[in-house]
Amino acid sequence: MADKIPTEQWAQVLEKTGGKVQYKKIPVQKPGPDEVLINVKYSGVCHTDLHAVNGDWPLDTKLPLVGGHEGAGVVVALGSLVEDIQIGDYAGIKWINSSCLQCSFCQQADEPLCAKAQMSGYTVDGTFQQYAIAKAAHVARIPKDCDLEAIAPVLCAGITVYKGLRESGIRAGETVAIVGAGGGLGSLACQYAKAMGLEIIAIDGGADKKEMTAKLGARAFVDFATSKDLVSDVKAATEDGLGPHAAILVAVNEKPFQQAAEYVRPRGTVVAIGMPANAYLRAPVFESVVKMITIKGSYVGNRRDTAEAIEFFRRGLIKAPYKSCGLSELQSIYDMMQEGNIAGRYVLDTSK
Ligand SMILES: NC(=O)c1ccc[n+]([C@@H]2O[C@H](COP(=O)([O-])OP(=O)(O)OC[C@H]3O[C@@H](n4cnc5c(N)ncnc54)[C@H](O)[C@@H]3O)[C@@H](O)[C@H]2O)c1
Ligand SMILES: [Zn+2]
Ligand SMILES: [Zn+2]
């Protein structure tokens with residue numbers, strides 16, 4: 001028997017952009033006809049949640065806001081139209097909470113590009129609460145043999161970097177630079193890249209992140225804080241000195257977005273994923289032309305990418321480090337993240 005659904009629950013609520021989150025009790029919502037209610041057991045904390053708190057993107061959030069979009073839990077209630085997922089199933093709430101499923105983008109499985117897409121923990125309440133709602137069509141299906149705590153970071157970080165690696169067109173045996181490799185997305189990117197048979201050059205700062213990325217499978221580490229010439233150091237880290245085949249940018253500063261086009265090899269691809277505030281990509285036109293460089297953005301993933309990213313995890317290929325703490329401690333995680341002091345991901349236990 002499923003536990004009775006309470007009418008009230010613990011949540012972290014942001015009242016005002018730029019303020020602090022407040023741990024308090026709020027009502028549990030009821031799912032609409034095409035929605036499910038999920039008892040969120042664990043939620044990862046993504047840097048996007050911090051962008052939402054700081055209000056540093058050119059896109060307003062709802063307010064008051066319950067953030068969070070890496071929620072892993074158990075389905076506890078179904079809307080009247082929902083048939084393909086059952087009470088008791090494991091499910092994940094990801095960034096794309098819903099989309100219209102009708103526009104030309106949705107029809108081609110580009111649902112993140114849907115103009116009517118709703119985003120968990122941004123335009124609708126997310127996973128920093130014990131019970132959260134999502135459209136049944138969009139919730140991630142999580143197999144029962146997966147650990148809900150460990151899989152939480154896959155639901156944004158994992159899907160996003162898996163998609164970004166695919167978008168880069170890189171092939172097994174080739175070399176990828178992962179920029180911001182010691183952070184949440186970066187640590188997952190190292191694991192997906194390793195599982196895909198890629199050589200990894202990790203770029204980030206500090207001894208902790210160097211050690212962590214080495215354990216995750218990186219062959220080389222370039223420290224952005226101490227390197228005197230980052231472009232040459234990255235090129236020098238490739239066997240033939242020509243630079244990596246692709247760069248996956250998951251850093252939260254602008255500078256690396258202005259360096260990558262200079263160190264990828266001819267025909268190389270730069271994939272922008274991180275979204276530092278007010279930042280621009282920059283590339284030298286002459287070299288980009290004569291080296292035939294591709295520069296592109298990559299935004300989360302669709303439902304198929306979600307299923308594939310989860311399958312890598314289920315097969316035991318994705319073991320990214322995470323630290324656990326209680327939902328009540330979210331503000332202190334934001335403070336550490338702001339300073340760039342988190343190696344890997346934090347996962348919140350919503351029962352604490
Ligand atoms: N495109 C998408 O779909 C998508 C999805 C999720 C997150 N994001 C964005 O990705 C970014 C990263 O998120 P996260 O949760 O991994 O953040 P994080 O804070 O966990 O990690 C960021 C990492 O970047 C590193 N870094 C900072 N400056 C750097 C530099 N100059 N060179 C190399 N590394 C540097 C930091 O040390 C840190 O390890 C955020 O902007 C987030 O909003 C985008
Ligand atoms: Zn995210
Ligand atoms: Zn649509």
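Would you compute, from DSSP H runs of 4+ residues alone, the mean residue ellipticity of the chain at 222 nm, taking -39500 (n - 2.57) per run and dividing by the full residue count, rounded to the nearest 500?
Computed mean residue ellipticity for the chain: -6500 deg cm²/dmol.
Could you work out the longest stretch of the chain that avoids the GluC sites (Glu not before Pro) located in DSSP loops with at most 10 other Cβ atoms within 10 Å?
That gives 84-238 as the longest site-free run.
Give me the dipole magnitude in Debye, nearest 20, for the chain about the Cα centre, with unit charges on the beta carbon: positive for Lys and Arg, negative for Asp and Glu.
180 debye
May I ask you to evaluate 6.51 cos²θ - 1.76 cosθ + 1.60, the Karplus curve with θ = phi - 60°, for each residue of the range 49-54 and list the ³J(HN,Hα) values in order in whole Hz, giving x for glycine and proline?
4, 6, 4, 5, 5, 6
Take the cross-link list 16/62; 144/319; 210/319; 144/209; 135/323; 163/194 and give me the ones stretching past 21 Å between alpha-carbons.
Pairs exceeding the cut-off: 144/209; 135/323.
Taking θ as phi - 60°, what are the ³J(HN,Hα) couplings along the range 12-24 by the Karplus curve (6.51, -1.76, 1.60), each to the nearest whole Hz, with x for Gly and Pro?
9, 10, 9, 8, 9, 4, x, x, 9, 7, 10, 8, 7
Using θ = phi - 60° and the Karplus relation 6.51 cos²θ - 1.76 cosθ + 1.60, list the HN-Hα couplings for the range 206-214 in order, rounded to whole Hz, with x at every Gly or Pro.
x, 5, 4, 6, 4, 5, 5, 5, 5
When only Cα pairs under 8 Å and 6 or more residues apart are kept, what is the percent relative contact order across the range 1-85?
The value is 37 percent.
Assuming R0 = 41 Å, can you tell me the calculated FRET efficiency for the pair residue 307 and residue 229, based on Cβ-Cβ distance, to the nearest 0.05?
0.45
Measuring with a 1.4 Å probe in the full set of protein chains, what accessible area per residue, in whole Å², belongs to the chain?
Per-residue value: 44 Å².
Determine which aspartates and glutamates satisfy two conditions relative to residue 255: a Cα distance under 19 Å, and not lying fewer than 8 residues away in the same chain.
Candidates past the 8-residue exclusion: 56, 204, 223, 229, 233, 287, 339.
Express the relative contact order of the chain as a whole percentage, based on alpha carbon pairs under 8 Å and six or more residues apart in sequence.
18 percent
Give the carbon-plus-sulfur fraction of the accessible surface of the range 159-297 in %, rounded to a whole number; probe 1.4 Å, heavy atoms of protein chains only.
52 percent
When each pair of different Cα atoms in the chain is counted once in the 1/r mean, what is the Kirkwood radius in angstroms, to one decimal?
Hydrodynamic radius (Kirkwood, Cα only) of the chain equals 20.4 Å.
Between the DSSP loop rule and a limit of at most 11 other Cβ atoms within 10 Å, which trypsin sites (Lys or Arg not before Pro) in the range 1-87 are left?
Here the sparse-neighbourhood loop sites are 4, 16.
The values are calculated or read from the model by the stated rules, or taken from the named source; none is laboratory data. Note that the structure is a prediction, hence the values are computed from the model and not measured. Every residue, glycine among them, receives a Cβ derived from its backbone with ideal geometry; neighbour counts consider all protein chains shown. Areas reflect the complete protein model, heavy atoms only, side chains present, ligands, DNA and RNA absent. Shrake-Rupley method; radii C 1.70, N 1.55, O 1.52, S 1.80 Å.
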